[in-house]
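The values are calculated or read from the model by the stated rules, or taken from the named source; none is laboratory data. Just so it is clear, the model here is predicted, and its values are computed rather than measured. Note that we place each Cβ from the backbone using ideal geometry, even for glycine, and neighbour counts take in every protein chain shown. When the accessible area is computed, the model is the full protein with side chains, heavy atoms only, and any ligands, DNA or RNA have been set aside. Shrake-Rupley method; radii C 1.70, N 1.55, O 1.52, S 1.80 Å.
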Amino acid sequence: MPTLSTLMSGKGLSTTEATIWMNRRKAAVVDLRPEAAFKAGHLPGAKHLPADQVPAGFEKLKLDRKNPLILVCETGMSSRKAASKIKNMGFAEVGVLDGGVMAWQDAALPLVK
């Protein structure tokens, strides 16, 4: 059973689960890190929106609220904080990459520059 905090802040996703969401479920990926970190390397297909611009800046990304959404930050903490705000915007399913970009790199998965 998911905990209340998981329901409020989005589903925690392993790197494997995030990859499945991206490849099979057409999930959008939003990177919440600062611009310099995003430019240094981000998940393939990720859109950039700094955490301090959530939720106001989300409209300009023009994401389909019916598709899953994966939030990514450096370690997963900022994404968790932003997830509840984003769920309240009407997205059907919001996931958070557990461990963030650090976990992605630890799993030897590719980053795009």
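List the pairs whose first member sits in segment 81-103 and is touching a residue at least 40 places away in the same chain (Cβ under 8 Å), whose second member is part of a helix (DSSP H, G or I) and open to solvent by 50 Å² or more (accessible area, probe 1.4 Å), and whose Cβ atoms are under 7 Å apart, counting only residues at least 6 apart or on separate chains?
Ser84/Met8; Val94/Lys87; Val96/Arg80
Consider Phe58 against the criteria (1) among the aromatic types (Phe, Trp, Tyr); (2) closer than 13 Å to Val94 by Cα; (3) modelled with pLDDT under 95: it satisfies all of them except one. Which criterion is unmet?
With respect to (1) among the aromatic types (Phe, Trp, Tyr); (2) closer than 13 Å to Val94 by Cα; (3) modelled with pLDDT under 95, Phe58 is out only on (2).
Does segment 77-86 include one or more residues that are touching a Gly at 6+ places or on another chain (Cβ under 7 Å), modelled with pLDDT under 95, open to solvent by less than 30 Å² (accessible area, probe 1.4 Å) and at positive phi?
Checking segment 77-86: not a single residue is touching a Gly at 6+ places or on another chain (Cβ under 7 Å), modelled with pLDDT under 95, open to solvent by less than 30 Å² (accessible area, probe 1.4 Å) and at positive phi.
Those residues that are acidic (Asp, Glu) and either open to solvent by 30 Å² or more (accessible area, probe 1.4 Å) or free of Cβ contacts under 8 Å to residues at least 24 places away in the same chain (or both), I need them from segment 23-76; list them, please.
Residues satisfying the conditions are Glu35, Asp52, Glu59, Asp64, Glu74.
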